[in-house]
Every structure is written in structure tokens, then in C-alpha cells.
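In what follows, a single structure is set out as C-alpha cells and then discussed.
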Amino acid sequence: MSAEGQESSVAAVDAATTADVDRARGDGRTALLSVRDLRLRFGGVKAVDGLTFDAYPGEIISVIGPNGAGKTSAFNCITGFYRPTSGDILFDGESIIRKLPSSIVKLGLGRTFQNVRMFREMTVVDNVKTAMHARISQNVFDAILHTPRYRRVERQCVEDARGWLDFVGYSLDEDLLASQLPYGEQRRVEIARALASQPKMLLLDEPAAGLNHSEKQDLIALIRRIRDLGIGVVLIEHDMGLVMNISERVIVLNFGREIADGTPDEVRRNPQVIEAYLGADEGEES
Amino acid sequence: MLQLVVDGLFVGSFYALVALGYSMVYGIIKLLNFAHGDVYMVGAFAGFLLFSTVTGLVASGGLMSLLLVLLVAMILTGLLGVFVERVAYRPLRGSPRLAVLITAVGVSFILEYGVRQIMGPNPRVYPVRLTGETFNLLGARITLPQLILFAVAGLLMVALNFLVMRSRDGRAMRAIALDPQAAKLMGVNVDRVISRTFFIGSALAGAAGVMAGAYYGTVDFLMGFVIGLKAFTAAVIGGIGNLYGAMLGGILLGLLESFGTAFLGGEWRDVFSFACLILFLSLRPTGILGARVVERM
Amino acid sequence: MTTRAPETRSVRGLTYRIEPPAPTRVRPAPARGLREPRRFMSLVGGLLLLLALALPFINASPYIISIGTSAFIYIMLAMGLNIVVGYAGLLDLGYYAFFAVGAYTSGVLATNDMPLVFTIPFVIVACIGAGLIIGGPTLRLRSDYLAIVTLGFGEIIRLTANNLELTGGPSGISGIPTFAFFGWSFRDGLDLFGIHFNGKILLYYTAVLAGGAFAVLAVSRLGRGRLGRAWRAIKDDEDAAEAMGINTYLAKLAAYVMGAIFGGLAGILMAAHQTAISPTSFVFLNSALLLMAVVLGGMGSTPGVIIGALVISLAPELLRDFSSWRYLIFGVLLVLMMLFRPQGLWPSTAVLPFLRFRARGRSPREGFTDHGEPSENVDRSEELA
């Protein structure tokens, strides 16, 4: 289902934005994630106010904007944790507005959290294994009786978990409890965990927050490795250096809707973006 | 039928008083104080001790003595509530939900079996029994004690309403209920307001306890258990966190019970109440007056 | 370069969309033999089981055997509650309801001429049904509500049993026969190697021991499998668990129903052990005590829960003199535990120090290898992003 097919429900301005981007690409690629006129109200507060954008398979996008612009609220709507007031969200052609977060993950949309939410009482390996829940066939009797299928599945799970942990560059003991890890490592494992759910697209909510310089370099390399696997990445970030470095496209949010959507250079020069950030130096030096 | 209404309203006013404490505490720190029903029980016993041991004015058994004992018992139970919050709940404020709930169960046990140790396992007879003439109101019988207790309960609720709506404390409570962080930034001493909330809620429950003891005649260490559940039911029906909801829910539950037992028989009274609870939670968890919370999946 | 990911395929029980990278690091060799903590604990468990089996030969007084039987039924109950509270973190204050359902179902059927063994499938079905009816609507609610609602249901079941004629009203059901197989009943005793085993009590003990051992094994294995991980994730952080693709509602329901089944099975054993049941056996106090056993021992930890169950069930016998103080002390212990050591006596993440040392070749840490109180997973339902 093409992005164009959705335009009947989109305001003229938004249609122009999407069409612009498609034209820039020069190919009629279908968006994997389509957000259409998303609105979310809490009482009198409009957290998200008509947000529209597309994310294509295998690209790295950043979503930036001043604090309170609605970025995490939008993420929460997309991943099913908040129910939007109106609008539509399509993933892989299906509307995911009314779906449970777990169903959305099963469709291939994974996420990490702004404040790393590891399962603190579980080991690092078990943390990664939880994400494989939906992809394992193992029933209660297998678990109780330790059938061959149980052993096979568990062995494979450990193998895969180790693979993902190595992929993200985790180098400590895998039997450590998540609460015993330093912050940077927790972030790493959280990404490994999200990857283990076999996503087509990964939403990372401020993955660089609290990381030091070398950790950020690792993160950049990791995001590129993820993209090379064919997984699209959508980042919320405040670190401008990182954003400009890694993104193929940048979407800028303010007051709950997108005010710019283009390449890093385009966005950097966009007068509306500059105005939104006027006086506020939020990015750290890369 | 009017008799059923009168009886229901009467019982309902007890439920309402206890439900208010539940609702207030839940509104402010999102905790269902499992031990709240036992505070009611402690109030009843406090009244029992006061009536039994203090002679003179009290021995007269009249209205004045009741009010005096009521006041003292309310203060005592209020202080108990503050103590429990300080010692058992405040240290766990950042802890997982489960830990606080389990602690509340523990506190409930301590109160119940502590009182049992001190006062014995058998029901104790209240030294003061309210008696009075029976009036005939449009075909329904209502006694003077009932009227008095109605009045006291009503007065307490009006006083509470005044306190919450008008006073600085009340505004602070509502502020914390809406947004604890913002309230702190506005200079509200969150700890103190929470303590006051516990004081008021527990005092109300204590008042209900004394009145129940004086009206029904006996008290035992487990009398708070069922009341606690019913008060929770009332708070849920009315909309938990909402004070008017607690009052409404209490009255409504009393009426529902009254009519329910008329049809099903007295032994099904509690089952009927709990069934109401489950029904409401399944169909309308926010209660009648409850606010619409942002929909989470 | 930026191509669409391949379709899913199934390999060895897992479905894949992307080929997961192969592990690249060299990992230390796993601990061998008894050095591996799990194997060691299994050995300890096996030895304890043998010890329990040998108990009748050491001291055959009916009193001791009876206490032992009750203790093992209690262990079975505690393991069932461990699934609900310990693994999934659902505060169930009405667990005894399932115990009652099991006891009454088998009691009613058995006193109407059904052999006790045949009541087992009926009990399982009844408990699954009860679990779905109770859990279905309530598991969508917040954890605070769940606690009180389960309590309410426990009361409903008890009061219903008290009021209905079918269940014998306040006096309950009596004369429940014991296990019988094709004309031979436990009561007849068993002759083995020339020794006459006084049937009911001893064989009963063995049957209960088998049941308890099964419960311990099954529940601990469940905890290590796929569902067990899902439950522990939910307990730790329900939203994050949802974000891992775990349908938390269904998983919680599964925990609740499975706990119900174990409770019901324990109920059969108790009904036959005591031959008579009445509503007073199922008061809230008992649910609370069972909860204490699980919490004090260590939520989610098999050794912890066993210890907790033994303490709570044997304390009344051992502390006869303090009987009136008992419950007050339990209450105080519960509050103190939550304030200072919420993980319980034997935390689920603990490993015996000397095992850790052997497995890793590093210096052991003091005491149990556990960590501080978890501080995440506070209520977030009103959080604005």
C-alpha cells in the first residue's frame, strides 16, 4: 500500500511534504511506517498535534525538536502505549492504532526506552531472551518435562542471545544481573534486547543520553551496523552532532507536529528550525 | 420499601466514612491502604476503652459523652494513621508497587492481631449502648440513635468537604493528587500534606468505628476486615480518588446491599457486595464519578 | 543496501526474519559437574527428598507423619502461589479460593462414590474455569485493585460454600474416602518386604510427598522456561515486557490459571488427608499466611519458598507456647522484610557463595550474591511523556 494511497485523509500541506520527499528519492518506495495527522490530547494539553511523516525500510532517521515537542509522546502512540485522539499510523501496510504494544512488536516494530528499562532482576542473557518470546514455540509441557524441543530451543536462544550481545559490543559477563551493569552497558544490552525481537524497524528513544564520547562513537557504529542488516532505525535524539553525523533524514518536531523533514543539511538551514531552537543550545559537542 | 431505603442509607453512611479515607489516600499517593479497615476497628476499640475507663461525664452515656469520646478516638486513630504512614509506607515510596501492598497487608495483620493480644479474641460488649425512641417516617421505622449517627456522619462529611475545597491544606492535597512534581515546585510540603491526609482519613474511619460500636453493641478484632472491603467497593463504585464519589459510593452500596439482601436473603449480603465490586471493576473501573484517565493499552 | 528484510522462516522452534549474528566472543567454559549451581541445587533437593522419604523409618509416630504431610501439602500450595506472586508479581490475596475449589470439588464427587483419583481431571477443569472467571476481568486492572478483588473472590467462594447445601453448608463435607485403586485402598495398608506399612497414614505421606516433589519440580522448571521469563519480565517492568512482544494480559492469565491448578491439586490432597473439610479452613487468614510464606522465603525462588512454607506450616507446632503471638509476629516480620530485605530469606537471584567461586574462578562476595532493592517499575500510568 503506497503512501500516496493515504493522502485522501491528509491535509494539503502534509501531502506536499510527503510528495516532496518521495520526489527527492526518485523512486516510488513504500513507506514502512506511516504516521498520518496524529493527534494526542491529555486534557487540555495537545501533546501531539497533527504529526505526519514516513519512514522507509532500512534508512536511518532522526526525530529532533525542543523539549516538550511531543517526540516521546509520538513514539508512545506509535508503539501502542498511548491511544491517540485521532489520526492513523500504518506499519507495513497495516493500521496499528488499536493494537496492543506486543502485537506491534510482533509485526516488526521494536523500541527502546528513554530511561533504560531493563529487567533489573534478570541476567543480561535472560533480558535478551525475553524479546524472543513471540518467536519461540515452547509450551508448558515442554518446560516441565524438559523435552528435546525444550532443550533445542533453549540452546538456540542462548546462542542467538550471545550473537546479539556480541553484535552490540557487549563485553562483560553475560550472567550479571542487569542492575549490576554500568549505564552505558545497560543501554547496549537494551538495544541487543530490542534486536532480538527481530524487528524490521527499530525506534530508539534518546539512545545517546548519558553516554560519554567514546560510547557515542560506538553507538554510531552500532546504528550503522543495524542499518546494514536491513533494519530501519528511527532515533529521538538531542545530541545534534550525532544526529547530523548519522542521519539520512531528519524530522523536526515542534508543538506536536513536524516543521521540517529533509536531509540534515536542509534541516540545518531551515529558518523555522532555527527559530524553534533559537537561544537554546541543546546539542552536546560530538 | 422505604424501610429498606432508610436502612440502606444508614449502613451506607458508615461505608461512606470509611471509603473517604481510602479515596483520599489513594488520590494522593495512589496506594490502596489495605490496613484502613483495621483503623476503623482500632477506633471502635479506642472508644471502648474510653467509655470503660473514664468515668464521670462519660458514664452518663448521653450525647455529650458520645461526642467527647468520638473526638478523642478520632484524634487517636488519626495519629495512628500518621504513624503507620511514617513508619511503613513512606520509606517505600520509590519501591515497586508490590512491596508497598504487601507491607500494607503486614500492617493490617499487626493491627488485627495486636488488638487481639491486648483485648482478647472474643467480641467485647460496648459499655455504652445507644437507645432511643423510634420514629415513624412515612411508614419506615427510624430510631433516634440512627438519626444522631446520620447527623454526625453528615456533619463530618460537610466538614471534610469544607476542608478540602476551601483550606490551603485541601488545595495542597488536590494539587499533589494531580501532579506531585509540580506541587513540590510550588512549595507544597508533600510529606506534611500526606501525613495530614492520613490523619483525616484515619480519623474519619475511627469515628465510624466508635459509632458502629455504640450502635451495634459489640466489637471484635476482625470487624475491620469486611468493612475495609466494603469501603473499597464503595470507593470504586463512586470513583476512587474522588471524595464525592466515596460518599456517593458508600450510600449507594448501602442501598444496594439493603435491597439485595431483601431479595436474596441475609446470608448472601457480603457475596452480593463483592459481586457488585467485581461487576463495577469489570464494566466501569473508573466508577460513577471517576475521571476519565488517559487511555493506556 | 537498504533492502527489505527477508520473510520469516522457522528453524529449530524459533522463527526468524533476520539471520541473527553468530556469537564472536570466546566464552569461558561452563562449570562442569557439581560446580554448576543448578546441578548442585538439584542434588541437594534430591537428598532432601530422600531424607523426607526416610522420615517414617526414623520416627514413625503418627503425629510427626501428620505434620510432615501437612507441611508438604503446604509446600505444594506455596509453589502454586509462587507462580502467581513470585514469578508474575500478581498480588493474589484470595489464593485459598482455588484450594477450596479443589477440596470441595473432589470432596463432593468422592462422597458421591467417585474414586478419588478420578476427581483429579474434574478438579483441574474446575480450577481452570475458576481461574479464567476470576482472572479474566481482574487481570486487566492495576495491581492494587487485583489484590483486593482476589480477596473479594476468596470471600465469595468461602461464603458460597458456607451457604450452599451442595457443599454441606457451615459444617462442610465429611467422610471423604482416601485413595483407592481397584478395590485396594490406602486404608488397607501395604505389605512390602515382610513389613506391614500401616496404610493410610504412611502411604498418604508418600503420596503427598510425591505430589509436593512434583509441584516443586514442575514449578521451578516452568520458571526457567519461556513463560517463566515472560512472567519475571512482567513482574519487573510490565510495560517493557509488553515492548518485548509479550502479551502481558495473556501471560498473567496463564500464571493465574496455572497457580489455580496447583492450588486445586493441593486441595484434593488436603481433603483426603483430613477426610473432612469445612468453610472455616478457607478463611482469608490462611491466604495471608501462605502469602507470607512466599514473601518471607523469597518471591520467585524455589528454595526460598520451600523454606518459607516449612516455617509457616511448622511454626504453630514448634512455637506452641507463643501461639497467640504468632500472627502478630508474622505481621511484624512481613513489614520488616519489606522494609529491609524485600527479596526474602533466599532471594531468587542468589547463588550460594562457594558455587559462584567455583563456577567463575573469581573471588566470592559476602553472603548471598544479591543486589539492592529494585527502584524501577513504580506506577507510570499517569505519566506524561
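Read-outs: derived from the displayed coordinates by stated rules, not from any lab. Just so it is clear, the model here is predicted, and its values are computed rather than measured. For neighbour counting, all protein chains shown are included, and Cβ atoms are generated from backbone atoms with ideal geometry for every residue, glycine included.
As a size descriptor, the averaged projected area of the C-alpha convex hull of segment C:62-284 was calculated at 12.9 nm².
Each Lys and Arg Cβ is given +1 and each Asp and Glu Cβ -1; about its Cα centre, segment B:36-177 then shows a dipole of about 440 debye. Go ahead and run the numbers for FRET between A:Arg269 and A:Leu229, Cβ-Cβ distance against an R0 of 41 Å, rounding to 0.05. Calculated transfer efficiency: 0.80. Along the charge dipole of segment B:2-283, which of B:Thr143, B:Ser282, B:Val5 sits closest to the positive end, that is, farthest toward it, with unit charges on the beta carbon of Lys, Arg, Asp and Glu (+1, +1, -1, -1)? Among B:Thr143, B:Ser282, B:Val5, the one farthest towards the positive end of the dipole of segment B:2-283 is B:Ser282.
Report the percentage of all Cα-Cα pairs in the protein assembly as shown whose separation exceeds 48 Å, rounded to a whole percent. That tail contains 33 percent of the Cα-Cα pairs. Spin-label pair A:Asn139-A:Asn67: with each label point 7 Å from Cα along the Cα-Cβ axis, the two points sit 5.2 nm from one another.
So which helices of chain B fit the span-like rule, where a helix is a whole DSSP H run, its Cα atoms reach 18 Å or more along the axis, and its mean Kyte-Doolittle is at least -0.5? Membrane-span-like by this criterion, though nothing is claimed about a membrane: B:2-29, B:36-53, B:63-84, B:97-119, B:144-166, B:190-216, B:223-238, B:243-264, B:269-283.
GNM on chain B, alpha-carbon springs under 10 angstrom: the most fluctuating residue among B:Val115, B:Val236, B:Val105 is B:Val105. Taken about its Cα centre, segment A:100-259 carries a charge dipole of roughly 580 debye when the Cβ of each Lys and Arg holds +1 and the Cβ of each Asp and Glu holds -1. Treating each Cα of chain A as an identical point scatterer and summing with the Debye formula, the log10 of I(q)/I(0) at q = 0.07, 0.11, 0.16 Å⁻¹ comes to -0.27, -0.66, -1.29. In segment C:1-123, a dipole from Cβ-located charges (positive for Lys and Arg, negative for Asp and Glu) runs towards its positive end, and of C:Thr111, C:Ser66, C:Leu90 it is C:Leu90 whose Cα lies farthest in that direction.
Taking every DSSP helix (H) stretch of at least 4 residues in chain B, weighting each as -39,500 (n - 2.57) and dividing the sum by the residue count yields a mean residue ellipticity at 222 nm of -24500 deg cm²/dmol. Model label sites at C:Tyr16 and B:Ser282, defined 7 Å from Cα along the beta-carbon direction, differ in position by 4.5 nm. Among the listed pairs A:Lys46/C:Lys235; A:Lys106/C:Lys252; B:Lys30/C:Lys235; A:Lys200/B:Lys30, those with a Cα-Cα distance over 27 Å are A:Lys46/C:Lys235; A:Lys200/B:Lys30.
So, R0 is 22 Å and r is the distance between the beta-carbons of C:Thr24 and A:Arg155; what FRET efficiency does that work out to, to 0.05? After rounding to 0.05, the efficiency reads 0.80. Look at C:Thr302, C:Thr349 and count the other Cβ atoms within 10 Å of each Cβ; fewest to most, that gives C:Thr349, C:Thr302. 3J(HN,Hα) couplings calculated from phi for segment A:30-37 with the Karplus curve 6.51 cos²θ - 1.76 cosθ + 1.60 (θ = phi - 60°) are, in sequence order, 8, 6, 7, 10, 10, 10, 10, 6 Hz; Gly and Pro show x.
Considering only beta bridges that DSSP places wholly inside the protein assembly as shown, some 70 percent are antiparallel.
Taking chain A as a Gaussian network of alpha-carbon nodes connected by springs under 10 Å, the highest mean-square fluctuation of the residues A:Gly44, A:Gly87, A:Gly65 belongs to A:Gly44.
Here's the picture: charge each Lys and Arg Cβ at +1 and each Asp and Glu Cβ at -1 in the protein assembly as shown, and of A:Ile144, C:Gly131, C:Thr275 the one pushed furthest to the positive end of that dipole is C:Thr275.
Ordered by the count of other Cβ atoms within 10 Å of each Cβ, fewest first, C:Tyr74, B:Tyr40 give C:Tyr74, B:Tyr40. Computed as a quarter of the hull surface, the mean projected area of the alpha carbon convex hull for segment B:2-283 stands at 15.5 nm². Charged side chains reduced to their Cβ positions (Lys and Arg at +1, Asp and Glu at -1) give segment C:62-284 a dipole of some 340 debye around its Cα centre.
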